[in-house]
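A.B. asks: Sharing a structure with you now.
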Amino acid sequence: MTTHSPAEAQRSATAARVVWETADKFLRGVVEETEYGDYILPFTVLRRLECLLVPTKAELVPFIEDLIARDTPAHFIDSLVKRRFGLSFYNTSPLSLATIASIDDNVSKSVTDYVEGFSHTIADIWTSFEFPRLVKKLDEANTLHQVVRHFATLDLSAASMPNTAMGDLFEDVMYRAFDKKGKAAGAFYTPRDAIKLMVDVLFASDEDSLAGRNTTRSIYDPTAGSGGMLLVAKDHLAELNPDIEVGLFGQELMDGAFALGKADLLIQGGLPDAIRQGDTLLKDEYEGQQFDYVLSNPPFGMDWSKQEKKVKAEALAMGSRFSHGLPSKSDGQMLFLAHCASKLAPAGKAGHGGRAAVVSNASPLFNSDKGPNAIRQWLFDDDLVDAIIALPTQMFYGTAIATYVWILDTNKEEERKGKIQLIDASAQWEGMHKPLGDKRRGMSEKNRQAALDAYKAFEDADPAISRIMTPKDFMFRDVPVFKQARLATVVTDEALATIAKHGAYVGGHEAVIRGLDGSAWNGLAGAFMQRCKVAGLKAPLGLVDAVTKALGVQDESAELALGRNNDPVLLDGWKITERVPMSEDLDEHMTREVLPFVEGATWDELKAKEGNEIPFTRIFYVPEQPRGLAEIDADVGRLMAELSKLFNAVHRDA
């Protein structure tokens, strides 16, 4: 992954601290602490964009003015600027933060005019940041001029702050903003350590195909947030192949997140249209397109009632992204998982296909509802699941719960086909010096390398951290298991009253029935019919069944009960469900797992219900060995000796 020299890292940290000093110097008492980031981040973006444009502005402004004078369409101007200056955006205003800072009059109007001078391709950044509202608030508090002057002094040029260093600065400022605002603010932001692990594993299978000239790859994030996943992935690809051409594509719903994401990509050299705004579930802004790599950290437990009508309508189209199953409306995670799978490029002639890394909580692993079952089954049947990685808890800003990364692949390596690797990286963490929201743990390079090594080792990996499974290991049958009754023949007045209600019963049957008390229940039907014949009484089968049912009483000392057709008689009210993996023979499983504990158990395979789950925790569970009795006795003896000394001391002092 990208590394920085100590000097560069120090410069980035220092710049971030200076940027944040805006809060202490100018925002305290003006806005709430939770809103500091809402003001600092937009001004940081503005200053960076301004610094990037400084080297060409003197030549660029008259160039654009000439084009405008000749009524050149805006999109042609964009193309010509890109071709001549290598810029994806521009600003035609003669103003700058420095010139605005040098005057005291009409600062608010000057800032507004200056921002409006940016090209139309990035106008939505300022709209999403609500920049005019921020400017008005600072102006009313008589602090706008000070803020402008402060940022005008910061050197955020490419020479002073390369893209990687600027990315660190931007991340540092966002960290500080989330720390003030609280964990909810970090819901759309994925920590860099988690992204780096995802990217490491995502590209591990494709390193050979990424080499050489004229190599191009596309990266897509349907829940782009601040754009961190796209940027980290792009940087990593550039390390593997400096000549590679990478196209970035993202979609984000929330205004603030969209502005941060688009700005961050621009700051680090991305295109203005790299992230599009919109609800991915309602409308796929890249409909019909598929990508080499997909990364996503969708919201956990998101209610999708608002999108229900559109999603259900789309699900009716066979082969569409939602056609494989729909989860409950209370949790839309698996909709995003299905969407990501649908956006993967199919296997190509060059040998590589699309690969995805998608974050989830535990729910998509084992949610037993019909929809999640169907989605998982589709992923299994199409052999799309390459690996699932358990991350440490307390890794994310907005939640401390267990999280997982699904690695999907449309063209697995030969040895991985038909198999799924589970990697337990939950113990690979180090404590953070200062928690941020719920994030108290981080994954160092060493921690990430342990998980990556396990992925690469595959079947040779340490089973303590890695297990190789097949889809059938996760598919099961829930088989109903019944217990065979043990019945004794007991004649009571209540039993006789029940039998007497049968239409074929006559008074003469009572003596015959009482004579059967204590006889073996398994021979009861035959004995009753024989005695009735001797007594000249009729014994239709309906009456025989009524007699055997009424007189049969559960008795554990009796033999296993068999009906008149030698079929097992099941104990009323006793039933369990045994989950049997599809990879196991049913009878062998029952003989090993059920019969030793439930004598006379029987089951009905025809009534079994099929399903699937990924019991990640259970697969890696290692029971702790209880302490030996000698060790326990020694501890007890030691404690008793200590108590004895205390008692003696109390009595001596009394």
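Laboratory data are not the source of any read-out in this text; all were calculated from the coordinates shown. Owing to the predicted nature of the structure, the values given are computational and were not obtained by experimental measurement. Heads up, the Cβs are rebuilt from the backbone with ideal geometry, glycines too, and the neighbour counts pull from every protein chain shown.
A.B. asks: Select from Ile100, Ile64, Met254 the residue farthest towards the positive end of the dipole of the chain; place +1 on Cβ of Lys and Arg, -1 on Cβ of Asp and Glu, and compute about the Cα centre.
C.D. replies: Met254
A.B. asks: Looking at the square roots a ≥ b ≥ c of the eigenvalues of the Cα gyration tensor of segment 518-654, which shape do they give, rounded for a/c under 1.5, prolate if a/b is larger than b/c, or oblate?
C.D. replies: Because a/c hits 1.5 or more and a/b fails to exceed b/c, segment 518-654 counts as oblate.
A.B. asks: Still on this structure, I have one more. Looking at the square roots a ≥ b ≥ c of the eigenvalues of the Cα gyration tensor of segment 114-221, which shape do they give, rounded for a/c under 1.5, prolate if a/b is larger than b/c, or oblate? Walk me through the numbers before you get to the answer.
C.D. replies: Details: a/c = 2.28, a/b = 1.83, b/c = 1.25.
Prolate is the answer for segment 114-221, as a/c is 1.5 or above and a/b outweighs b/c.
A.B. asks: Report for the chain the percent antiparallel among DSSP-assigned beta bridges with both residues inside it, nearest 5.
C.D. replies: Given both bridge residues lie in the chain, the antiparallel proportion sits at roughly 65 percent.
A.B. asks: Rounded to the nearest 5, what % of DSSP beta bridges with both residues in segment 185-328 are antiparallel?
C.D. replies: Of the beta bridges lying entirely in segment 185-328, close to 0 percent run antiparallel.
A.B. asks: For the chain, what's the radius of gyration and Dmax over Cα atoms, in angstrom?
C.D. replies: 35.9, 124
A.B. asks: Take each of the peptides 461-470, 147-156, average the number of other beta-carbon atoms within 10 Å over its residues, and list them starting from the highest.
C.D. replies: The packing order, highest mean first, is 147-156, 461-470.
A.B. asks: Okay, moving on. Place a point 7 Å from Cα of Leu67 in the direction of its Cβ. Which residues in segment 100-122 have their backbone N less than 14 Å from it?
C.D. replies: Residues 118-122 qualify, since their backbone N sits under 14 Å from the label point.
A.B. asks: When ranked by the protection proxy of mean other Cβ atoms within 10 Å per residue, highest first, what sequence do the peptides 383-396, 436-449 form?
C.D. replies: The densest-packed peptide leads the list: 383-396, 436-449.
A.B. asks: Listed highest first by mean packing, meaning other Cβ atoms within 10 Å per residue, what order do 633-645, 226-238 come in?
C.D. replies: Descending packing order for the listed peptides: 226-238, 633-645.
A.B. asks: What ranking of His651, His352 emerges when the number of other C-beta atoms within 10 Å of each C-beta is taken as an exposure proxy, fewest first? Write out the running numbers ahead of the final one.
C.D. replies: Values: His651 8, His352 19.
Lowest to highest Cβ neighbour count: His651, His352.
A.B. asks: Could you work out the helix-only [θ] at 222 nm for the chain, with each DSSP H run of four or more residues adding -39,500 (n - 2.57) and the total divided by the number of residues, to the nearest 500 deg cm²/dmol?
C.D. replies: Working: 25 runs with 286 residues, N = 654.
Calculated at 222 nm, the ellipticity per residue is -13500 deg cm²/dmol.
A.B. asks: Now for a separate question. Where nothing but the Cβ of Lys and Arg (+1) and of Asp and Glu (-1) is charged, how large is the charge dipole of the chain around its Cα centre, in debye to the nearest 20?
C.D. replies: 900 debye
A.B. asks: Segment 447-588: percent of C-alpha pairs farther apart than 22 Å? Please list the in-between numbers first.
C.D. replies: Working: 5770 of 10011 pairs.
Across segment 447-588, Cα pairs with separations above 22 Å total 58 percent.
A.B. asks: Can you sort Phe366, Phe118, Phe597 from fewest to most other Cβ atoms within 10 Å of each residue's own Cβ?
C.D. replies: Placing the least packed residue first, the sequence is Phe597, Phe366, Phe118.
A.B. asks: What is the chain's relative contact order, in percent, from Cα pairs under 8 angstrom and six or more apart in sequence?
C.D. replies: 10 percent
A.B. asks: Calculate log10 I(q)/I(0) of segment 486-554 for q = 0.28 Å⁻¹, where I(q) comes from the Debye formula with a single equal point scatterer on each Cα and nothing for solvent.
C.D. replies: -1.49
A.B. asks: Is segment 1-173 rounded, prolate or oblate when judged by the Cα gyration tensor, a ≥ b ≥ c being the square roots of its eigenvalues, rounded requiring a/c under 1.5 and prolate requiring a/b larger than b/c?
C.D. replies: The shape class here is oblate.
A.B. asks: Only Cα pairs under 8 Å and at least 6 apart count here; give the relative contact order of segment 486-554 as a rounded whole percent.
C.D. replies: Here the relative contact order equals 51 percent.
A.B. asks: Which loop chymotrypsin sites (Phe, Trp or Tyr not before Pro) in segment 245-343, with loop taken from DSSP, have no more than 10 other Cβ atoms within 10 angstrom of their Cβ?
C.D. replies: none
A.B. asks: Could you pull out every whole DSSP H run in the chain that spans at least 27 Å of Cα extent along its own axis and averages 0.5 or higher on the Kyte-Doolittle scale?
C.D. replies: 36-69
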